[in-house]
Structures are given as structure tokens and as C-alpha cells.
1. Ranked highest first by average number of other Cβ atoms within 10 Å, how do 443-455, 78-90 line up?
2. Calculated FRET efficiency, residue 56 and residue 284, Cβ-Cβ r, R0 41 Å, to nearest 0.05?
3. Carbon and sulfur together cover what percent of the accessible area of region 1-146 at a 1.4 Å probe radius?
4. Tell me, what % of the accessible area of region 183-301 is carbon and sulfur with a 1.4 angstrom probe?
5. Whole number in Å², please: accessible area per residue of region 382-440, 1.4 Å probe, ligands, DNA and RNA not counted.
6. Sort 184-190, 149-155 by packing, meaning the average of other beta carbons within 10 Å per residue, with the highest value first.
7. Using per-residue counts of other Cβ atoms within 10 Å, averaged over each peptide, order 204-212, 41-49 from highest down.
8. Would you pull out the residues with amide H under 5 Å of residue 456's amide H, same chain only if 5 or more places away, H placed 1.01 Å from N?
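The values are calculated or read from the model by the stated rules, or taken from the named source; none is laboratory data. Given the structure is predicted, the values throughout are model-derived calculations rather than measurements. Counting neighbours? That spans all protein chains shown, and the Cβs are built from the backbone with ideal geometry, glycine included. We work out accessible area using only protein heavy atoms, side chains counted, and drop any ligands, DNA or RNA first. Shrake-Rupley method; radii C 1.70, N 1.55, O 1.52, S 1.80 Å.
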Amino acid sequence: VTGRSRFNLARDASRAQLKARVAIDGPTGSGKTWTALEWAFVLADDSKPLVIDTEAGSAEWYSDQFPPYRTITWSPPYDPAELAATLREADDQHPVIVIDSLSHFWEGEGGTQDIADAAAQRDSGGNRFAGWKVATPALRHLVDTIHQADAHVIATMRSKMEYVLQEDERTGKKKPVKLGMAPVMRQGVEYEFTLIADMDLEHRFMVTKSRCSEVADVVAQPNRAGDVARQFRTWLDSGEKPIGEADARRLTDAVNAAGGPARKAWRERFNCTPTQLPEGRLAEANEFVAQLEQGPDARPAEATDREAVEGTTDNNQQQPQPATGDGAGSAGVSSQTSAGPSTEDAAAGESAAAGGGAEAGGGAVAPAGPPPAVTARSVGIKAGQVFKADYDAAPRGSKTKVADRLRHALVYACTKGETSSTSDLGAEALLQVWRRLEDIAEGRLTYEHDQDDAKGVTFTSQTGKETTVLWSDLADDDGEAAA
Ligand SMILES: Nc1ncnc2c1ncn2[C@@H]1O[C@H](COP(=O)(O)OP(=O)(O)OP(=O)(O)O)[C@@H](O)[C@H]1O
Ligand SMILES: [Mg+2]
């Protein structure tokens with residue numbers, strides 16, 4: 001009997017010096033500034049934290065209630081490049097840096113959004129998406145600097161109430177309905193932090209994401225946020241470094257795709273979510289998912305529980321139900337790794353088929369069953385259904401082109417110009433596109449398009465927000481051959 005040696009996994013035992021990357025979200029007055037200072041002093045030992053204060057000295061109101069710290073009162077412009085440069089210089093003198101608030105570097109004067117607008121005006125006559133080609137790298141650089149900083153970083157983010165318009169069944173009138181709070185920052189920024197907490201107007205501190213399982217989902221009553229900070233600190237000091245975010249997402253996708261029993265097996269084996277998995281167990285986890293992908297019995301057709309391994313992220317709780325006849329059910333393995341020459345082509349072909357599929361009972365809704373992960377393929381199929389009327393209305397010879405253009409434009413809009421191809425999207429972004437397709441199907445998002453090559457499509461949300469994508473914005477290779 002022979003077995004594979006695992007000697008290659010041997011390494012020096014270490015207590016890695018982990019740095020905190022903490023985000024505190026909340027509406028104005030919820031206590032972000034106060035709590036950020038409280039956290040800063042838990043993490044700082046005896047040295048002085050640095051507080052970057054974009055709110056005209058508001059942190060200083062509390063300075064008599066805390067030990068001494070240094071502060072920069074940051075007036076506009078809120079240039080992400082300047083903040084990155086400041087962090088790089090500050091991080092070896094201050095063990096803790098508070099950025100209060102990071103939202104200003106997104107939507108404040110001279111912030112990321114302004115950079116996008118200015119670049120659009122300057123370089124391409126107001127095409128906003130072209131502006132993002134300049135602004136996105138600037139923000140990316142800031143986020144990378146935060147990641148690499150040799151200091152603990154605590155960032156606050158303002159959150160705003162999000163609304164949708166919903167029709168009142170009795171009166172037929174539309175009225176705004178609260179969806180919940182959303183941080184003012186680029187979507188997806190939550191992946192960059194090891195702990196995210198939301199604060200409410202009662203000054204409660206609610207951990208919504210944590211890579212430290214001890215404080216995951218903790219709700220701290222007013223003035224108890226410091227306790228969470230101390231627990232978090234103990235965890236940081238223990239040096240049980242979790243795996244990287246990319247690995248965590250890959251594992252999450254693989255386990256989710258394999259269904260309920262696989263998730264249960266994961267929990268029994270690892271006793272934490274993939275984001276909390278210690279680095280030392282990555283090899284073991286890789287082996288675990290490799291087996292899932294091979295073993296037919298490990299990937300059951302029917303998942304029994306809808307709860308996902310990464311139970312704290314909202315997308316898993318509300319996995320949409322891909323509507324399709326065939327394919328999507330079995331395509332739920334993992335969008336990025338699913339086999340086949342090109343998922344995008346498959347999706348495109350499928351969308352055309354769904355578009356023209358009157359005789360196939362086009363638009364048939366999927367049989368009830370567990371929702372598989374949203375894949376490039378299922379998004380393509382859904383797009384085919386959502387844009388079916390446009391496909392039908394288009395002249396012979398350009399039906400596919402019209403449906404493809406609309407799908408590509410929607411992806412382009414959802415990713416703020418990063419890509420127009422569903423095959424480039426990760427699980428989160430696919431879900432975003434999926435939700436917007438549902439919005440279109442249910443009338444919450446409308447669009448008008450002109451097939452003239454010099455024109456494009458404008459999507460309009462219920463709040464009247466317009467997003468225009470020109471056909472010329474879409475990369476050449478997106479214009480898949482017309483049927
Ligand atoms: N944990 C807490 N318990 C009780 N009161 C608190 C707590 N934290 C903050 N407060 C009080 O709430 C008020 C607002 O706090 P803070 O300035 O930190 O809010 P903020 O979220 O930073 O607001 P803004 O977005 O306007 O900057 C202050 O009066 C502060 O003393
Ligand atoms: Mg504040």
C-alpha cells in the first residue's frame with residue numbers, strides 16, 4: 001500500500017503579524033467616528049494613531065475623550081492617489097491609521113467619481129465609461145495600498161438608504177420602499193476588508209463580515225464595540241492568518257456549486273467559512289474541493305438546504321432561480337471553471353435559441369429546484385429571454401447581434417465599463433447582472449436603444465438614473481458574428 005507524501009506541506013510555524021483592515025459603515029450620527037477612535041486605541045498599544053479626517057475636524061471633537069493622537073484635516077480634493085501616497089509615508093510611523101471617511105474619496109470633490117467625469121470630459125466628449133478607464137486604476141491603487149499598509153487601517157464609510165419604487169396594489173400609485181443601507185463606496189469594496197461592521201442610529205455595532213470567527217455576526221450594544229475590538233485584536237495577535245480572498249471565493253464557489261451535502265461536509269470538516277479558513281489548511285481544502293469536482297456522489301443533483309457555506313454574504317441567501325429549460329441546472333458548478341470551449345459562446349448561442357424559440361415554448365420557466373450558482377451560461381440564457389422582444393423585432397440577419405449588443409451593454413454598465421463579456425465575471429458580478437435582468441423583466445429598469453452603430457442604449461432606473469452605453473464602447477470582439 002502506498003500513499004502520497006505530504007512532506008511538501010511542511011513549513012516553519014509562525015505567528016504572522018496580521019494587520020487589521022476594518023470598515024465601519026453607517027448613516028450620519030450612528031457613531032462611526034467615535035467607534036473608529038475606540039478601535040484605534042485598542043489596536044494602537046502606546047503609540048499615537050493617525051486619523052485622516054475628511055469631515056472638517058469632526059474627529060477632533062472627541063479628542064479630549066481619548067489619549068493623544070495625530071490628525072490630518074483633509075480638505076478637497078479627495079484624490080485617491082494623494083491618500084495612497086500619504087498612507088505609504090505614514091504607515092511606518094503610525095501603527096494604526098483611521099480614514100474617516102473613505103466615502104469622500106469615492107464621491108467627494110476630486111474623488112474617484114469626479115476623476116471619472118473629468119477624464120470623460122477631457123478625453124472623450126463626456127463618455128462616462130471612458131472616464132472609468134482612468135478612475136478605476138486610481139481607486140484600485142488606493143485599495144492595494146490599504147491592503148499592503150504596514151499599519152492597521154480602520155476606514156469609515158457613510159451609508160445611504162436605498163429605495164425602489166413599488167406600486168401600491170390598491171391605489172395603483174408608485175411609492176418608494178426602503179431597501180436598506182448601502183455604503184457609499186464602489187461596489188465590491190467589502191472584499192478588501194477583514195472585518196465590516198454596520199452601525200445604526202442606536203449606536204449598535206453589528207459585524208456583518210468577519211474573517212475572525214470569534215466575532216462573526218456579533219451585535220455589540222452601544223459602547224461595547226471596544227469589546228469586539230479586543231477580541232479581534234487577540235485573534236490578530238494569535239497569527240492564525242486566513243487564506244487570501246481569491247482562494248476564499250474560489251472555495252466558496254466550488255462548495256456552493258456542489259450543493260447542500262457538500263456544504264454540510266465542509267462545515268463538519270473545517271468548522272468555519274472559507275473566508276475564515278487558516279492558511280495552514282488551504283492545501284487540505286483544495287483537496288476537499290478537488291474531490292467534490294471528481295466524485296459523482298459528492299455533487300448531488302438536489303441540494304437540500306439553501307444555506308450557503310458563506311452564510312454571512314447576502315447573495316447566497318437570495319440566490320436567484322435561473323429560468324431555463326435545460327443546461328443551467330447542470331451548469332451550476334462554477335462559472336469560472338466550468339468546462340466547454342467558451343461559456344460566453346455557449347451563452348450567446350443559447351440566448352439566440354431562447355430568443356427565437358417560439359416553437360420551443362420560448363421563455364419557459366425552470367422546473368422548481370435548488371438554485372444553482374449563477375453562471376455565465378445561465379445569465380446568457382436569462383438575457384436571451386429578457387431581450388426576446390428586441391430579438392424578435394430585429395430584422396432577419398441582425399437578430400443575434402441586437403440581443404448580444406444589449407447583453408454586452410448591460411454587463412458593461414454593471415461593471416462600470418470594466419468588461420462587456422459575461423465570461424469575465426466572477427460570481428458576485430454575475431449575480432449583479434442577473435439582478436439587473438430581473439429588474440428589466442419586472443419593469444424596474446427600462447431601456448431604449450438605437451441600432452445605428454454610432455448610437456447605443458440608455459438604461460433608466462426607477463429613480464430616473466440614466467446609464468448610456470454606446471455600441472462603440474463595446475470591444476470589437478464582442479460584436480459576435482451576426483446570424
Ligand atoms: N457607542 C456610542 N454610544 C452612545 N453614543 C454614541 C456612541 N458612538 C457615538 N455616539 C454619539 O453619537 C453621536 C454621533 O457620533 P459620530 O460622530 O461618531 O457619528 P458618525 O457616524 O461619525 O457621523 P457622521 O457620518 O456625521 O460623521 C455623537 O454625539 C456621539 O457622542
Ligand atoms: Mg463621523
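1. Numbers: 443-455: 13.4, 78-90: 18.0.
Going from most to least packed, we get 78-90, 443-455.
2. Values: r = 51 Å, r/R0 = 1.24.
Approximately 0.20, to the nearest 0.05.
3. Working: 3660 of 7360 Å².
Its accessible area is 50 percent carbon and sulfur atoms.
4. C and S atoms contribute 48 percent here.
5. Numbers: 1940 Å² over 59 residues.
Roughly 33 Å² per residue, with all protein chains present.
6. 149-155, 184-190
7. Working: 204-212: 21.6, 41-49: 16.6.
Packing proxy ranking, top to bottom: 204-212, 41-49.
8. 450, 471
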